[in-house]
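Student: I have a structure I would like to understand better, so I am pasting it below and will then ask my questions one at a time.
Please treat every number below as a calculation from the coordinates, not as lab data. Predicted model, so just to flag it, every value in this text is computed and none were measured.
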Amino acid sequence: MSLMDDARAVRERAYVPYSNFKVGAALRASSGTVHVGCNVENVAYPEGTCAEAGAIAAMVAAGDLDIQEVAVIADSPTPVSPCGGCRQKLAEFGKADTKVVLGTTDGLLIETTIGELLPSVFSTEHMARS
């Protein structure tokens, strides 16, 4: 099974009673383990969880801290990019050249990297004081 297949499978478990917009994400950690997440909505919209954030939380809970590859899928005419917050979260655990594949349920795929998604990442270097 490919990483996109894992994202596609977890997408079906998304809890989206308000938007009906299911998103699935799968991350391959440096250990080789695949961690998945789906979006989970809440009636108080800002309290929902993105698929990417759920997959990252599952990865950290399992003891992995390094993303090697990412796949995100949604039922959209074009691939959906992670939101700004999730881009920052992906950058926390991945490298600029970490592969990200964005897909649609119709099979359209776009390949990019974390660095291309977030070229001006906020990092620990910004927190250093001279």
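Student: At a threshold of 8 angstrom on Cα-Cα distance, excluding pairs fewer than six apart, so keeping six or more, what relative contact order does the chain reach in percent?
Tutor: 20
Student: Output ³J(HN,Hα) for the range 8-17: one whole-Hz value per residue in order, computed from phi by the Karplus curve 6.51 cos²θ - 1.76 cosθ + 1.60 with θ = phi - 60°, and x for Gly and Pro.
Tutor: For the range 8-17, the Karplus curve yields 4, 5, 6, 3, 5, 9, 4, 9, 9, x Hz.
Student: Could you point to the label whose value was computed as Rg and Dmax of the Cα atoms in Å for the structure here, given (i) 18.0, 56; (ii) 14.4, 51; (iii) 16.1, 48?
Tutor: Correct label is (ii).
Student: Please report the antiparallel percentage of DSSP beta bridges with both residues in the chain, rounded to the nearest 5.
Tutor: 70
Student: Let me ask another. If you average the alpha carbon positions of the range 5-55 and of the range 81-130, how far apart do those two centres end up, in angstrom?
Tutor: 16
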